[in-house]
């Protein structure tokens with residue numbers, strides 16, 4: 001019996017990516033999709049590349065919930081809490097690709113998203129869905145807060161160093177560059193082609209909403225409060241995120257110790273590819289895949305450790321990770337339906 005999967009918000013970039021991957025998943029089938037903007041239209045009318053592959057019509061959200069075992073919500077923040085409550089009442093798995101359940105602190109959610117927890121008990125039931133770091137917490141749960149793109153790439157780059165106390169938790173800098181799909185499908189001046197093409201700029205400097213989410217993950221790993229400086233940039237490419245993370249090595253820590261810690265930490269993680277010395281993580285090599293490539297670097301003059309990660313923001317940073325969580329929750333191998341080979345050129 002295949003898992004019945006429903007997608008709410010199927011016509012956004014993350015929703016469409018869920019469709020792309022689930023269409024070839026051997027243990028799941030898409031039973032219903034919805035879109036407020038395109039209700040009644042076929043997905044292949046919105047994305048012609050899906051013609052004959054997914055000609056499903058966009059239904060209502062209630063129909064998606066009714067027909068599905070697992071509901072993926074690819075919606076802007078503020079729109080998932082009531083849906084999650086509906087799924088919880090019916091005992092269905094809800095995987096939220098938005099931000100409504102990612103932050104554990106309601107005060108931080110208010111500060112960064114201008115919202116509030118509508119049902120505090122429901123938030124207690126949710127779990128942060130970054131499998132490589134919190135796998136055991138995810139198992140058996142039905143409400144998953146799927147991490148965002150920046151908040152996947154940066155913590156994975158730093159996790160072994162922070163967890164093992166190899167670096168100072170003060171003064172960590174995360175410098176990330178993202179493809180424009182991270183801004184969503186809705187047009188804006190910033191992602192208008194003449195504005196974006198042949199340009200490269202930082203945005204929301206030291207004020208991006210993913211900051212507290214990255215800090216939350218690193219704080220859990222280190223066992224103490226971590227504050228970071230986070231600066232995102234917009235690349236003139238469709239997809240991919242590269243995060244360059246800087247941290248000061250603790251006294252006496254050698255680069256051999258750091259590499260050994262990373263090799264041990266990620267030894268059994270299929271989707272983490274730890275690159276050899278001298279190699280550099282590159283978004284070209286992870287495109288369309290659920291991989292996270294990590295390269296390690298050291299500035300011995302300043303005693304600075306530099307970890308660089310590369311992910312596809314639409315896959316490992318969104319849809320692929322959501323499906324990885326689904327596999328984990330339904331007892332499947334996490335790689336099921338996700339062994340997607342990045343194009344060589």
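Data for the structure
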item	result
Residue match in region 182-192 (condition: surrounded by 14 or more Cβ atoms within 10 Å (Cβ to Cβ) and more than 22 Å from the chain's Cα centre (by Cα))	no
Sole residue being surrounded by fewer than 19 Cβ atoms within 10 Å (Cβ to Cβ) and either in contact (Cβ under 8 Å) with a residue 60 or more places away in the chain or assigned by TED's automatic domain parsing to the domain that holds residue 176 (or both), chosen from 128, 113	113
Set 181, 151, 169: member being assigned to a helix (DSSP H, G or I) and closer than 21 Å to residue 225 by Cβ	151
Within region 270-315, tally of residues that are over 17 Å from residue 244 (Cβ atoms) and assigned to a helix (DSSP H, G or I)	1
Residue match in region 196-211 (condition: in a helix (DSSP H, G or I) and farther than 24 Å from residue 295 by Cβ)	yes
Count - residues of region 280-306 that are in contact with a helix residue (DSSP H, G or I) (Cβ under 7 Å, 6 or more places away or on another chain), surrounded by 20 or more Cβ atoms within 10 Å (Cβ to Cβ) and within 30 Å of residue 344 (Cβ to Cβ)	7
Number of positions in region 17-33 that are crowded, with 23+ Cβ neighbours inside 10 Å and over 14 Å from residue 71 (Cα atoms)	1
Check on residue 277, within 25 Å of residue 235 (Cβ to Cβ) and either in contact (Cβ under 8 Å) with a residue 12 or more places away in the chain or crowded, with 24+ Cβ neighbours inside 10 Å (or both)	no
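The values are calculated or read from the model by the stated rules, or taken from the named source; none is laboratory data. What you are looking at is a predicted structure, and each value in this text was computed from that prediction instead of being measured. Positions of Cβ are backbone-derived with ideal geometry, glycine not excepted, and every protein chain shown enters the neighbour counts.
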